[in-house]
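Please read the structure below before turning to the comments.
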Amino acid sequence: GENVEQHPSTLSVQEGDSAVIKCTYSDSASNYFPWYKQELGKRPQLIIDIRSNVGEKKDQRIAVTLNKTAKHFSLHITETQPEDSAVYFCASFSGTYKYIFGTGTRLKVLA
Amino acid sequence: NAGVTQTPKFRVLKTGQSMTLLCAQDMNHEYMYWYRQDPGMGLRLIHYSVGEGTTAKGEVPDGYNVSRLKKQNFLLGLESAAPSQTSVYFCASSSAGSSYNSPLHFGNGTRLTVT
């Protein structure tokens, strides 16, 4: 079945360093790839997304890249800050109306 | 504009009891979803709906039923609760796109414990 693999499951970085989270999807019909941030006890919230006709998108310290050939997409956070500490989820969406989520990455930014 | 509202926020059930979780959205979204979130397993789709009067099964539908009688509401029912259904439940909605979809908007979640 369709699935999304996400790595790593945990990631610790020093404040100011960069963090990279990678996802691989299986459904070649996937055309939309959002990233969600979930703080402890709260709802997942969209932080950035990319559509299949774009290879890269940036929003301040956050960027997402997509390689459709390899079915990979990645989240890049630069100049990390303590408030970036959270669980991050990638997801893929295809024409079957379903979002398939990765299992999440717990990011810890050490001050 | 409240977005997606879930009720209740917390609930404790005994094995075998039933309950209904209510999700309401005021964004006129076509698509609605129910997910469960368990530690280390991310968000798993239970059921979803692509429009009023329609429902479909997701990855983990067993033990749950849903209804979408009105466009703005999506109900999740547990007929006979089991300890394995202890989880945090999230409702989400999104608008229907043409070639591409729009982001999911999540509710605040319902923490359910089955003893």
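The values are calculated or read from the model by the stated rules, or taken from the named source; none is laboratory data. If you're wondering where the values come from, they're calculated on a predicted model, not measured in any experiment. Cβ coordinates were reconstructed from backbone atoms using ideal geometry, including for glycine residues, and neighbour counts include every protein chain displayed. The accessibility values were calculated without ligands, DNA or RNA, using every heavy atom of the protein model including side chains. Shrake-Rupley method; radii C 1.70, N 1.55, O 1.52, S 1.80 Å.
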- What shape does the range A:37-97 take by its C-alpha gyration tensor, where a ≥ b ≥ c are the square roots of the eigenvalues and a/c under 1.5 counts as rounded, a/b above b/c as prolate, and the rest as oblate? oblate
- Other residues with Cβ under 12 Å from the Cβ of A:Glu15 give, with Lys and Arg +1 and Asp and Glu -1, a net charge of -3
- Item | J(HN,Hα) series, the range A:10-22, from Karplus relation 6.51 cos²θ - 1.76 cosθ + 1.60, nearest Hz, glycine and proline x | 9, 8, 10, 9, 7, 3, x, 7, 9, 10, 10, 10, 10
- Message: What distance in nm lies between label points placed 7 Å from Cα along the C-beta direction at B:Val12 and B:Val50?
- Response: 4.2 nm
- Task: Could you list which residues have their amide H under 5 Å from that of B:Lys71, counting only those 5 or more apart in sequence or on another chain, with H placed in the peptide plane?
- Result: none
- In the protein assembly as shown, what percent of the accessible surface is made up of carbon and sulfur (1.4 Å probe, ligands and nucleic acids excluded)? 49 percent
- Determine the gain in length on full extension of the stretch A:Gln60-A:Leu46; use 0.36 nm per residue of separation and subtract their C-alpha separation, reporting nm with one decimal. 3.6 nm
- Within the protein assembly as shown: Cβ-based charge dipole about Cα centre, in debye rounded to nearest 20 (Lys, Arg +1; Asp, Glu -1): 380 debye
- Message: With just the Cα atoms defining each centre, how far is the range B:1-40 from the range B:49-115? Give it in Å.
- Response: 7 Å
- Assuming a viscosity of 1.002 mPa s and a temperature of 20 °C, what translational diffusion coefficient in µm² per second does Stokes-Einstein assign to chain A, Rh being the Kirkwood radius over Cα pairs? 153 µm²/s
- Put one equal scatterer on each alpha carbon of the range A:1-47, apply the Debye formula with no solvent term, and list log10 I(q)/I(0) at q = 0.25, 0.27, 0.30, 0.33 1/Å to two decimals. -1.16, -1.19, -1.20, -1.20
- Task: Please get the size of the charge dipole for chain A, origin at its Cα centre, with Cβ charges of +1 on Lys and Arg and -1 on Asp and Glu, quoted in debye to the nearest 20.
- Result: 260 debye
- Note on the structure: Note: the range B:1-74 at 25 °C, 0.890 mPa s; Kirkwood Rh on alpha carbon pairs; Stokes-Einstein D in µm²/s works out to 183 µm²/s
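Please compute the net charge surrounding A:Asp84, taking Lys and Arg as +1 and Asp and Glu as -1 over other residues with Cβ under 13 Å from its Cβ.
Details: positive: A:Lys37, A:Arg61, A:Arg106, A:Lys108; negative: A:Glu15, A:Asp17, A:Glu39, A:Glu79, A:Glu83.
With Lys, Arg at +1 and Asp, Glu at -1, the net is -1.
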- If you wrap the protein assembly as shown's Cα atoms in a convex hull and average its projection over all directions, what's the area in nm²? 12.3 nm²
- Residues of chain A: accessible area per residue at 1.4 Å, in Å²? 50 Å²
- Task: Just the number, please: buried accessible area between A and B, total of both chains, 1.4 angstrom probe, nearest 100 square angstrom.
- Result: 1900 Å²
- Message: Test of the criteria: in the range B:25-115, which chymotrypsin sites (Phe, Trp or Tyr not before Pro) are in a DSSP loop and have at most 13 other Cβ atoms within 10 angstrom of their Cβ?
- Response: B:Tyr100
- Task: Using the charge dipole of the protein assembly as shown (Lys, Arg: +1 at Cβ; Asp, Glu: -1 at Cβ; taken about the Cα centre), state which of A:Ala70, B:Ser18, A:Gln81 has its Cα farthest towards the positive end.
- Result: B:Ser18
- Task: List, largest first, the extents of the alpha carbons of the range B:40-83 along their principal axes, each in whole Å.
- Result: 31, 23, 14
- Task: Write down the accessible area per residue of chain B in Å², having rolled a 1.4 Å probe over the full set of protein chains.
- Result: 46 Å²
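Taking Cα pairs under 8 Å and at least six residues apart, what relative contact order does chain A come out at, in percent?
Rounded, it is 38 percent for chain A.
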- Additional length obtainable on full extension of the chain from A:Ser12 to A:Arg106, 0.36 nm per residue less Cα span: 33.0 nm
- Karplus-derived HN-Hα couplings along the range A:58-72 (A = 6.51, B = -1.76, C = 1.60, θ = phi - 60°), whole Hz, x at Gly and Pro: 10, 9, 6, 8, 10, 9, 10, 10, 10, 10, 5, 4, 8, 6, 10
- Got a sec to turn the phi values of the range B:70-79 into Karplus ³J(HN,Hα) couplings, 6.51 cos²θ - 1.76 cosθ + 1.60 with θ = phi - 60°, whole Hz, x for Gly and Pro? 10, 4, 7, 10, 9, 9, 10, x, 10, 6
- Message: Name the residue from B:Tyr31, B:Pro83, B:Phe106 whose Cα lies farthest towards the positive end of the charge dipole of chain B, charges +1 on Cβ of Lys and Arg and -1 on Cβ of Asp and Glu.
- Response: B:Pro83
